[in-house]
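The values are calculated or read from the model by the stated rules, or taken from the named source; none is laboratory data. Here the structure is a predicted model, which is why all the values come from computation and not from measurement. Counting neighbours? That spans all protein chains shown, and the Cβs are built from the backbone with ideal geometry, glycine included.
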Amino acid sequence: MPLNKNPKPTLDCEIFLDSHKQRWSWDRRLKLFVTILLVCTLFVSRNYLLGDERSKINEIPGLKKAIVQAIQKYYFKPVNINEFEKSSLSEILQVLDKDSSLIQSEPKKSDFVRGFKNKKSIKNYKIIAEKIGVFHISYFSKSTAKEFEKIHKKLTKDGASKLILDLRGNEGGDFDSCLKITERFVSYGETLAIIQEKEKKIIKKSENKVPIKIPMVILVDSNTASSAEFLASSLRKHNQATIIGLPTQGKRTVQKMIPVETLWLSLTVGTWEITGNSDESEKIEPDFFIANKDQQLEKAISLCKH
Amino acid sequence: MNKIKLIMSGLILCLAVSSNAQMESLSEENNRLFVANQDSDYVSVIDLKTLQLSKKINLDILSASHMTMAWTGKTGQKLLVTMTGRNEVAIVDVEKGIVEAKLPVGRSPEHFAIEKNKDYPEYFAYVANFDDGSISVIDLALNKEIKRINGFYEPHGVTFNADASKAYIANFGAHRIDVIDTAKHEIAKQLSIGDVYQVALKNPSRYLSEIKGIANVTLTSNGRYGYAADGDSNLVAVIDTEKDSIVKTIPVGEDPWRTYHSPDGKWMLVPNNGDETVSVIDAEKHKLRSTFPAGGTITGINFVLGGKKAYALATTESEALLHVYDLQKMKEKGTILIGKGLRLETASTSVDGKTIYVASSVDNSIYSIDAETDKVTKIANVGITPWGTTIQGDMASYCH
């Protein structure tokens, strides 16, 4: 139906008044009342339940003690543990940085439960035009470094002389696995990572005597985070990789997952840096700011060709 | 005098007859293979003399049955079945072929162990409820859940120590073993294996869903030590069961599943599904002795001939096979092809240690393998998706 660009005001107004009368019939009023009542009930009960959950957490025996012990042992910033004595668990958790949290894990499903099948974290690897190898790391699991070795070997065998590494949507994962992949590109003796922990600064050096030296383009987006940001910025520094896409999340913290009385404490234990002077929440700015996904890949292919 | 002799002879004869009857009865109980079928509403009973399906014990409802275990109660042979999909366990009277009781337990009960001790002269079971992190304590004389112990992370294997005064609970969702005092049914101690891992990611829940912790604690033959493989750490911890402390850790291959002990007490075998090897640990010296090549995903290992030989159940992308290991010569003897496109789940070793019975879930069959000749016999149509197998008093059976 074509849009009426010049409506007749009077007629429109009449129609409106007519429908308005209908809208506010007793029947409609009753329906509205019931809806509002339902929404209010849901809102109140939800808050009641949430409050109940919170109080449940505060009531778990030994939980506060276990959390305070973990903070004392691992937390990356100095905190006054004595002040926690009078604090509730919720108050203690509020003191921690934004990346630390208390979580309830969901049980694993299907065959993975038995430890018999590993999910593949590197997907869609192939050779495209002019010997460009493309692969997507969706997540860093414990076995991602091993997967990378196999895929790199295969792409090299198939003639790849340039690489496009897709880290879009990669929210990070196992940090050791990420470090292993990074080390494959960093020459022996060069600084791989600087990790600032509670009372010490750990400088990790590459021990790789045969680094991969190949032109690379990396795709990132606003979901690229943590370990993936580390790999991207490290490859830009050490391998002159070009980064295309959108600014990343800006999460430069490392956590330990600590079991505490049936729950898990994800506790920040350090921050990572590449150069030694980056901020803890610094995002990676791409060399080519492109929002469209298809255009990101087109640009990457174009850069590889030239 | 002659009368006394006569009475004595009669008594001896009576005792002999009764003893013989008891042996026959024992022999009967030990000659039944029980199979939990994931997609049938019954437990299959295989007569091991004829290798025929002799009975179907009706559970009345599809329940994704996982595992069974048999014991002899006051009224004859009984069977405990975890009905994983129904969050229940069934207690079965084998002779009558009926379910005596169905008990609600926690979410997703899978594995369990049955024992009795000085505090509980009748049999009791610890059932691990995988999804809600609890253990149901079942009194098998009363057919009743007497306690539910909380505080576990995906509890997988349950192992009682020699006098059943303690139970070791393996947490697959964490790198931890909980030791339970079975007199109080309370967690007495916690043992951590491996490091606390470092992650750098936005959503930590995802990492938790990928943890591969500890599947089982396996005791040495004398019960003095417990062996526990940790999937993420690539190591096996040796636990002193008197002090309940970790006395040693032994590096093995990648993604170790769990440990299996040889009946002669010499070896612990560990399938490493990450690098497709099997680690052989000297269970007396607590040292890695050898590493066998493997292949495919190994879901279990069965020892035969007193521990001289072992079969590892493997499933590759295209076939199901057994890796055969000679533990006297400490080498792989070869493989036995079970079939293309099949998938092996679990196996039980017969009481005499001369035969293993393997559950093959894809073709609804049990395969019997003669340890002397490696001859394979198929028992077809035992039930839909056969899973856990057990023989009362068997040399070994396990589940996954």
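Pull up segment B:224-252, narrow it to residues that are at pLDDT 95 or above and in a loop (DSSP other than H, G, I, E, B), then point me to the one that is farthest from the other protein chains (Cβ to nearest Cβ).
Looking at residues that are at pLDDT 95 or above and in a loop (DSSP other than H, G, I, E, B), I get B:Arg224.
Restricting the search to segment A:202-225, which residues are surrounded by 24 or more Cβ atoms within 10 Å (Cβ to Cβ) and either more than 17 Å from A:His136 (Cβ to Cβ) or more than 13 Å from every other protein chain (Cβ to nearest Cβ) (or both)?
A:Val217, A:Ile218, A:Leu219, A:Val220
Confirm whether A:Trp264 is more than 17 Å from B:Asn203 (Cα to Cα), within 14 Å of another protein chain (Cβ to nearest Cβ) and either in contact with a strand residue (DSSP E or B) (Cβ under 8 Å, 6 or more places away or on another chain) or in a strand (DSSP E or B) (or both).
In short, no.
Within segment B:66-93, restricting attention to residues that are basic (Lys, Arg) and touching a strand residue (DSSP E or B) at 6+ places or on another chain (Cβ under 9 Å), which residue is surrounded by the most Cβ atoms within 10 Å (Cβ to Cβ)?
My answer is B:Lys78.
Within segment B:202-221, restricting attention to residues that are in a helix (DSSP H, G or I) and crowded, with 20+ Cβ neighbours inside 10 Å, which residue is farthest from the other protein chains (Cβ to nearest Cβ)?
B:Tyr207
With respect to A:Gln69, is the statement that it is modelled with pLDDT under 90, within 14 Å of chain B (Cβ to nearest Cβ) and surrounded by fewer than 17 Cβ atoms within 10 Å (Cβ to Cβ) true?
No; evaluated as a whole, the condition is false for this residue.
Exactly one of these conditions fails for A:Glu229: (1) crowded, with 24+ Cβ neighbours inside 10 Å; (2) at the interface with another protein chain (Cβ under 7 Å from one of its Cβ atoms); (3) not in a strand (DSSP E or B). Give me its number.
(2)
Output the qualifying pairs, or none if there are none: Cβ atoms under 9 angstrom, residues six or more apart or on different chains, first residue in segment B:323-352 and within 20 Å of B:Thr291 (Cα to Cα) and polar (S, T, N, Q), second residue modelled with pLDDT of 95 or more and not in a strand (DSSP E or B).
Cβ pairs passing all conditions: B:Gln328/B:Lys308.
If the Cβ limit is 7 Å and pairs must be 6+ apart or interchain, which residue in segment A:134-159 that is in the same structural domain as A:Met216 (by TED's automatic domain parsing) pairs with which residue that is small (Gly, Ala, Ser) and part of a helix (DSSP H, G or I)?
Listed by first residue and then by second, the contacts come to A:Phe140/A:Ser177; A:Phe140/A:Ser227; A:Ser141/A:Ser177; A:Lys142/A:Ser177; A:Thr144/A:Ser177; A:Ala145/A:Ser177.
Which of the residues spanning segment A:188-239 are of a type in the set (A, V, I, L, M) and in contact with a helix residue (DSSP H, G or I) (Cβ under 8 Å, 6 or more places away or on another chain)?
Correct list: A:Leu192, A:Ala193, A:Ile212, A:Ile214, A:Met216, A:Val217, A:Ile218, A:Leu219, A:Val220, A:Ala228, A:Leu231, A:Leu235.
Answer yes or no as to whether B:Ala90 is closer than 17 Å to B:Pro155 by Cβ and not in a loop (DSSP other than H, G, I, E, B).
no
Suppose the filter is modelled with pLDDT of 95 or more, part of a helix (DSSP H, G or I) and hydrophobic (A, V, I, L, M, F, W, C); does A:Leu219 pass it?
No.
What's the total number of residues in segment A:136-193 that are within 14 Å of chain B (Cβ to nearest Cβ), surrounded by fewer than 21 Cβ atoms within 10 Å (Cβ to Cβ) and among the basic types (Lys, Arg)?
The total comes to 3.
Kindly establish whether A:Thr248 is in a loop (DSSP other than H, G, I, E, B) and in contact with an Asp or Glu (Cβ under 6 Å, 6 or more places away or on another chain).
Against the criterion (in a loop (DSSP other than H, G, I, E, B) and in contact with an Asp or Glu (Cβ under 6 Å, 6 or more places away or on another chain)), A:Thr248 qualifies.
Do we find a residue being within 15 Å of B:Ala215 (Cβ to Cβ) and surrounded by 24 or more Cβ atoms within 10 Å (Cβ to Cβ) anywhere in segment B:301-309?
So far as segment B:301-309 goes, yes, one or more of its residues are within 15 Å of B:Ala215 (Cβ to Cβ) and surrounded by 24 or more Cβ atoms within 10 Å (Cβ to Cβ).
Output yes when any residue across segment B:190-199 is modelled with pLDDT of 95 or more, over 20 Å from the mean Cα position of the chain (by Cα) and more than 10 Å from chain A (Cβ to nearest Cβ), and no when none is.
Scanning segment B:190-199, I find at least one residue that is modelled with pLDDT of 95 or more, over 20 Å from the mean Cα position of the chain (by Cα) and more than 10 Å from chain A (Cβ to nearest Cβ), so the answer is yes.
Can you name the residue in segment B:130-155 that is free of Cβ contacts under 8 Å to residues at least 40 places away in the same chain and polar (S, T, N, Q) and is also farthest from the other protein chains (Cβ to nearest Cβ) among such residues?
Step by step, filter segment B:130-155, then rank; the result is B:Ser134.
Please determine, by comparing only the residues of segment B:222-256 that are free of Cβ contacts under 8 Å to residues at least 60 places away in the same chain and touching a His at 6+ places or on another chain (Cβ under 8 Å), which one is surrounded by the fewest Cβ atoms within 10 Å (Cβ to Cβ).
Per the stated criteria, the residue is B:Val247.
Does segment A:271-287 contain any residue that is surrounded by fewer than 18 Cβ atoms within 10 Å (Cβ to Cβ) and either among the basic types (Lys, Arg) or modelled with pLDDT of 90 or more (or both)?
There is at least one residue in segment A:271-287 that is surrounded by fewer than 18 Cβ atoms within 10 Å (Cβ to Cβ) and either among the basic types (Lys, Arg) or modelled with pLDDT of 90 or more (or both).
Which residue is surrounded by the fewest Cβ atoms within 10 Å (Cβ to Cβ), if the candidates are limited to segment B:375-400 and must be closer than 17 Å to B:Ser63 by Cβ and within 14 Å of another protein chain (Cβ to nearest Cβ)?
The selected residue is B:Thr385.
Within segment B:42-52, does at least one residue satisfy the condition of being at pLDDT 55 or above, on the phi > 0 side of the Ramachandran plot and not in a strand (DSSP E or B)?
yes
I'm told B:Phe292 meets every condition in (1) part of a strand (DSSP E or B); (2) within 14 Å of chain A (Cβ to nearest Cβ) except one. Can you identify the failing condition by its number?
(2)
Can you tell me how many residues within segment B:253-280 are part of a strand (DSSP E or B), within 25 Å of B:Lys166 (Cα to Cα) and β-branched (Val, Ile, Thr)?
Final tally of qualifying residues: 1.
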